[in-house]
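Note sheet for the following structure.
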Amino acid sequence: YLPKKQFISNHEDELTSHTRGYGKGEKPEDFLNEFKEFIIDNMNKIPALAIVCKRPRELTRASLRQLKIELDKHGFTEPNLKIAWREWKNEDISADIISFLRRLTLGDPLVSHEERIKEAMKKVYALENWTKIQRKWLEQIERQLIAETIVNKEDLEKGAFKAKGGFNTLNKMFQGRLVNVLDEIKKSLYPDEKKYA
């Protein structure tokens with residue numbers, strides 16, 4: 001038994017228009033403004049928002065993960081922000097959520113995740129005349145930052161770092177100054193922690 005076919009129209013289908021939605025707005029800048037309003041309205045409700053905007057050097061992997069979950073719930077994903085930015089400014093940028101947050105609240109330049117890290121590490125490499133082995137480990141930390149956004153003392157007890165002795169061994173290679181080196185990396189990533197207005 002075959003169901004009877006019912007024709008609604010004999011005309012061919014035709015696409016008459018196509019539009020992209022941007023949250024509650026119709027334009028990409030509406031979506032970005034909606035994102036900025038969300039940040040301002042939730043600064044004191046979502047602790048990681050305040051950390052990214054006011055104290056980025058305190059950011060942990062766990063707080064960044066929680067922040068992304070909260071933003072995703074409201075449709076503010078990195079891909080959505082990238083699309084809105086590209087459509088609004090006609091520039092394709094692979095910025096991460098931290099760059100978008102800081103751009104829209106503090107006016108920081110919107111740069112790609114990798115570019116921010118590479119620029120920060122250039123400053124760190126220039127701080128002193130690192131030994132060959134120190135330079136090698138700084139480059140490993142840079143690769144880890146590009147992959148994970150955050151590198152802290154605990155991260156140096158995992159993966160390739162742990163295989164080479166972990167934090168204590170690396171700390172000896174840096175004459176007991178590895179915590180200071182990690183702090184310098186964070187300062188270079190977020191050079192002048194601005195007061196959120």
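All of the numbers you see were taken from the coordinates with simple rules; none came from a lab. On a predicted model such as this, the values are computed, not experimentally measured, just so you know. Counting neighbours? That spans all protein chains shown, and the Cβs are built from the backbone with ideal geometry, glycine included.
If you bin every alpha carbon distance in the stretch 81-173 into 10 Å steps from zero, what whole percent lands in each bin? Result, from short to long distances: 15, 38, 27, 16, 5 percent. Under Stokes-Einstein, with the Kirkwood radius over Cα pairs as Rh, the value for the stretch 119-178 at 4 °C and 1.567 mPa s is 110 µm²/s.
Gain on full extension, evaluated as 0.36 nm per residue between residue 146 and residue 73 minus their Cα-Cα distance, stands at 23.8 nm.
Peptides 95-107, 129-141: what's the order by average Cβ count within 10 Å, highest mean first?
95-107, 129-141
Cα-based radius of gyration for the stretch 29-91, normalised by 2.2 N^0.38 Å, reads 1.15. For the stretch 78-186, the relative contact order comes to 17 percent (Cα pairs under 8 Å, sequence separation of at least 6).
Taking each of 89/158; 82/123; 162/186 in turn, the alpha-carbon distance tops 31 angstrom for 89/158.
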